[in-house]
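Values quoted throughout were computed directly from the atomic coordinates according to the rules given, and no laboratory measurement underlies them. Nothing here was measured: the structure is a model prediction, and the numbers come from that model. Because the Cβ atoms are built from the backbone with ideal geometry, glycine has one as well, and the counts that use them run over all protein chains shown.
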Amino acid sequence: MSSHRSIPNVDRISNLPDSVICHILSFLPTKQSSATSILSKRWNPLWHSVFTLDFDDQSFTDFHTFRHFVYSVMLTRDPTLPIRMFHLKCGTSPGCDPHDINRFVPVAVKKGIENLILDFTGTSHDFLIRLGPTFSSVFNCGRNLVVLKLKFAIVNVVAQFDFPLLKTLHLAYVYFFGDHTSDFNKLFVGCPILEDLQISNVQFLLSNRCDGGEFKGLSNLVRADISNRCWNMPFSWICNAKFLRVILV
């Protein structure tokens, strides 16, 4: 006669070190990681120490509720902790307000983020998110950025681009507006070690023809995927990419 031994119900995850649990939580959207606070007193504070913030307004009833959640998270985190990755996806919930977005992102950038992903795909072509001068400062103070991905946005005046560590740059339906030239020359000069470049329907207001100056191109470029209506940069800048795809519409 065989005996059946009961398997003890052991919470092995809760016995893990805090740093390991926080690493696990970093793979979850912030709304889900915050929900772990109800599991026990041990879990309650852990999600506040996660270095990754991932916000998506699609799971909220309206933008007001979403905005309140984002502000609450930003205010309750330990101010001494860095933010390594900041992912913000919004535009699908009613009442989306660019004013709040222009406040979310600069605060995150000041925390030394390395990975910044902004996706406003939910907005219609008639109402792209307009990112004001406060947000535009991201382009000249994001010196720690390694990855920058931006979709569906209008960016006001950008005086300069300064991304000495940037390796991945993806821009889709991004429009740079201003009184001064903000061209591909400035953009790529500011990304000296870029390896992965994706451009889809990006436009600049150009007051001068982009002649490339003394910029010799992106010497570290591994992959370039260009699909653009307006072509304002010398082909020589990207032709050395190991994997190159160019579509001019």
Self-check item: Within segment 45-97: Cβ-based charge dipole about Cα centre, in debye rounded to nearest 20 (Lys, Arg +1; Asp, Glu -1)
Solution: 160 debye
Self-check item: Environment charge at Thr168 (Cβ cut-off 10 Å; Lys +1, Arg +1, Asp -1, Glu -1)
Solution: +1
Quiz item: Whole-Hz Karplus ³J(HN,Hα) for segment 48-54, in order, using 6.51 cos²θ - 1.76 cosθ + 1.60 and θ = phi - 60°, x for Gly and Pro?
Solution: 5, 9, 6, 7, 10, 10, 10
Self-check item: Label-to-label distance, nm, for residues given as Ser49 and Ser219 (7 Å Cα→Cβ offset)
Solution: 4.3 nm
